[in-house]
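> Here it is, the structure in full.
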Amino acid sequence: MFKNFFDSLKFWKAGKQIEKLLEILEFNSEAVQSIVFAKQESRRLCYPHVGTEQLLLGLLMEEHGIASQVLRRAGVKLDPIKQAIEDYIGYGKDREEQICFTPRTKRVIEIALKQAQKLKQREIGTEHLLLALLREGKGLGIQVLKDLGFDCQTLEQQLRNVIQQQ
């Protein structure tokens, strides 16, 4: 599981600051699993990339992560999110073996790295990925949450409260 994840990061032409953070910080198993789930969703939908929508699905699917717990407590459920995403993007044409991150998803991961560092944490967890997704504030993942009636600022505050309690 970790090998495929880290192999996908190798091909990510990140800036020097991000490369340095990747040397210092590690993704915990829940964060890795959520990204694995996101890639599986991309394959299921026949898309060659992981967008913020697949990342949101991956965070919800990884039930042990803080992100999933916060989202579920707020009433965010996997099936309506999955259906809304399918309604928006439908299915792609071909299943790709190599799945990459969209530029926006890369930006979200970079923000997650910076948030973990800012919070003086050694691991990047699902909470950092969700926090970054909410802070970045754009992309289909956020649009789906808003369209289903969720207030992203409230979600971010609830998440920050949980992070502070750790």
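> What is the packing order of peptides 51-58, 69-76, 115-122, 136-143, taking the mean over residues of other C-beta atoms within 10 Å and listing the highest first?
51-58, 136-143, 69-76, 115-122
> Using θ = phi - 60° and the Karplus curve 6.51 cos²θ - 1.76 cosθ + 1.60, what whole-Hz ³J(HN,Hα) does each residue of the range 78-92 get, with Gly and Pro shown as x?
Result, ordered by residue: 4, 4, x, 5, 4, 5, 4, 5, 4, 5, 5, 10, x, 10, x Hz.
> Let me ask something else about it. Give me the distance between the Cα centres of the range 104-166 and the range 29-51, rounded to whole Å.
17
> What's the FRET efficiency of Cys46 with Arg72 using the Cβ-Cβ distance as r and R₀ = 35 Å, to the nearest 0.05? Let's see the in-between values first.
Values: r = 28 Å, r/R0 = 0.79.
The value I calculate is 0.80.
> In whole Hz and in residue order, list the ³J(HN,Hα) couplings for the range 134-148 that follow from phi through the Karplus curve 6.51 cos²θ - 1.76 cosθ + 1.60, θ = phi - 60°; x for Gly and Pro.
Karplus values, whole Hz, x for Gly and Pro: 5, 5, 4, x, 10, x, 5, x, 5, 4, 5, 4, 5, 5, 8.
> Also, quick follow-up: Karplus couplings for the range 99-115 from phi (6.51 cos²θ - 1.76 cosθ + 1.60, θ = phi - 60°), rounded to Hz, Gly and Pro as x?
Once θ is set to phi - 60°, the couplings for the range 99-115 become 9, 10, 9, 5, x, 5, 5, 4, 4, 4, 5, 4, 5, 4, 4, 5, 5 Hz.
> Also, quick follow-up: Skipping prolines and chain starts, which residues have an amide H placed within reach, meaning under 5 Å, of the one on Val50, given they are 5 or more residues away or on another chain?
Excluding prolines and chain starts, which carry no amide H, the hits are Cys100, Phe101, Thr102.
> Within 15 Å, Cβ to Cβ, of Leu148, how many net charges do the neighbouring residues add up to if Lys/Arg are +1 and Asp/Glu are -1?
Its environment carries a net charge of -2.
> I would also like to ask the following. Under a 5 Å amide H to amide H cut-off, with H placed in plane at 1.01 Å, what residues pair with Phe27 once short-range neighbours are removed?
Close amide H contacts, sequence-distant or interchain: Ile124.
> Same structure, new question: When ranked by the protection proxy of mean other Cβ atoms within 10 Å per residue, highest first, what sequence do the peptides 86-94, 144-152 form?
144-152, 86-94
> Within the range 54-166, what whole-number % of the accessible surface is contributed by carbon and sulfur, with the 1.4 Å probe and all protein chains included in the calculation?
Carbon and sulfur: 44 percent of the exposed surface of the range 54-166.
The values are calculated or read from the model by the stated rules, or taken from the named source; none is laboratory data. Source: prediction; values computed, not measured. Don't worry about glycine lacking a Cβ; one is built from the backbone with ideal geometry, like all the others, and counts go over all protein chains shown. Note: accessible area is taken over every heavy atom of the protein model, side chains too, but ligands, DNA and RNA are not part of it. Shrake-Rupley method; radii C 1.70, N 1.55, O 1.52, S 1.80 Å.
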